[in-house]
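Below: one structure, written as structure tokens.
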Amino acid sequence: MQKFILGLAIAAIPALAQAHDFTSGSIFIEHPMIQEAPPNAPVLGGYVTIHNNGDVPERLMGIESKTAEKVELHQSVVTDGIARMEPLAEGMEIPAGATVSLGDDGTHAMFIKPDRRYQAGDEVAATLFFENAGPVEVVFNVEQRSAEAAPNHEGHSQ
Amino acid sequence: MTGKASTGMRKLRIVLWALVVVAAAGAGFLAYGPRPTGVSEVEAIYAKPFQLVNQDGAAVTEANFLGKPSVWFYGFTHCPDVCPTALAEMSALLEELGPDADKLNVVFVSVDPERDTPEIMKEYVEYFDDRITGLTGDLAQVSTMAKDRYIFFEKEPMEGGDYLMGHQASIQLVTADGRFFGTLATEEGFDTRMAKLRRLIGQG
């Protein structure tokens, strides 16, 4: 238990230090982030947590950013030992009252062909497009890649 | 009539006993007979010949990676999620191994050699860990190697002419003489993967 609390405390430190969020109506967007990639990486993985505080289901339809040729929503899946990526053709649903993350179950935003190298500390402006809430301007913080799995994967690996 | 019946019974009894003998022989064969795929007889699939190019542009063959236990993973640089995570996790494992990391050859093979040039591979693998060797080269060579090693990969076309690769997710552990030893998977947790690497170094 003590270890667990200590773990929580340690986990909370970076979250506090980097807290950044965006609101549009009943949509609360928490900590959009991109993991730093190798210098010439042709793609960057982006992650974000979305809370739907409203009474109707919401859907993240897509992401656009001037810093990349395009941004696609994907899900990495491992089936029978084979890793594949599938487009989230219908976006990502955030049921009423629910919190859903790009990062859950291998989902991520793929920033394709970024216009330059982005390193930890850089910021990437982007627009999230919601079915009901419409476009919402956000900033993805570029962060050091941790040796652990992608963000928000922790709760799903058990 | 009774004579006929008892002859029939005797015949049936002989047939049943014969079946028992056959079943016993079969069970004995299964228990003690030769095993076609016993652990010690695993084919040295990682000793099969190949010719690829490392991240410094130098030609390498299977011989470069025998003589030490090795760790192999297959991926591509147009991969935002699974591959960089695997490389970052491998770097963390090598860090934890410390000097023992030198007892392993760690190799990342591009399954997308058409886009992953040696220069791209160099920046990519060395960003994570310069103890990791990056291999790329001729698509036919990569395909042959993958086939020899039962590694699956395929191109998955996307809208607009781009493509992604589906590929073997687990990391392959290989003995110094090129035999399959086991796998590492992300969901196993750090300590389990670490223990497997230590066992590979100890026994490989």
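Expressed per residue, the C-alpha convex hull volume of the range A:22-145 stands at 101 Å³. The label-point distance for A:Glu137 and B:Gln203, in a model that sets each label 7 Å from Cα toward Cβ, rounds to 6.0 nm. Taking the Cα centre of the range A:22-145 as origin and assigning +1 to Lys and Arg Cβ atoms and -1 to Asp and Glu Cβ atoms, the resulting dipole is close to 420 debye. Other residues lying with their Cβ under 14 Å from the Cβ of A:Asn132 contribute a combined charge of -3, Lys and Arg counting +1, Asp and Glu -1. Take the residue pairs B:Lys68/B:Lys122; B:Lys48/B:Lys196; A:Lys70/B:Lys48; B:Lys103/B:Lys147 and return only those whose Cα atoms are more than 32 Å apart. Where the Cα-Cα span goes over 32 Å, the pairs concerned are A:Lys70/B:Lys48.
Each listed q (0.19, 0.25, 0.28, 0.30 Å⁻¹) maps to a log10 I(q)/I(0) for the range B:141-189 from the Debye sum over equal C-alpha point scatterers, namely -0.78, -1.01, -1.09, -1.13. For A:Asp115, the accessible surface of its heavy atoms amounts to roughly 100 Å² (probe 1.4 Å, protein chains only, rounded to the nearest 10). List the residues of the range A:75-101 whose backbone N lies under 11 Å from a point placed 7 Å from the Cα of B:Glu156 along the Cα-to-Cβ direction. Residues A:75-79, A:82-88 qualify, since their backbone N sits under 11 Å from the label point.
Computed on the range A:22-145, with alpha-carbon pairs under 8 angstrom and 6+ residues apart, the relative contact order is 34 percent.
Loop-located GluC sites (Glu not before Pro) in the range A:28-107 (DSSP state other than H, G, I, E, B) with a sparse environment of at most 16 neighbouring Cβ atoms within 10 Å: A:Glu90.
Working value for the range B:46-139: equivalent-ellipsoid semi-axes of 19, 18, 11 Å, each the square root of 5 times a Cα gyration tensor eigenvalue, largest first.
When Rg and Dmax are taken over the Cα atoms of the range B:41-203, they come to 14.9, 49 Å. Buried accessible area for the A:B pair, summed, 1.4 Å probe, in Å² rounded to 100? Roughly 2500 Å².
Net charge in the neighbourhood of B:Pro113 (other residues with Cβ under 12 Å of its Cβ; Lys, Arg +1, Asp, Glu -1) is -2.
The values are calculated or read from the model by the stated rules, or taken from the named source; none is laboratory data. Just so you know, these numbers come straight off a predicted model, no measurement behind them. In this analysis, Cβ positions are derived from the backbone assuming ideal geometry, glycine residues included, and neighbour counts consider all displayed protein chains. Remember, those area values only see protein heavy atoms, side chains included, never the ligands or the DNA or RNA. Shrake-Rupley method; radii C 1.70, N 1.55, O 1.52, S 1.80 Å.
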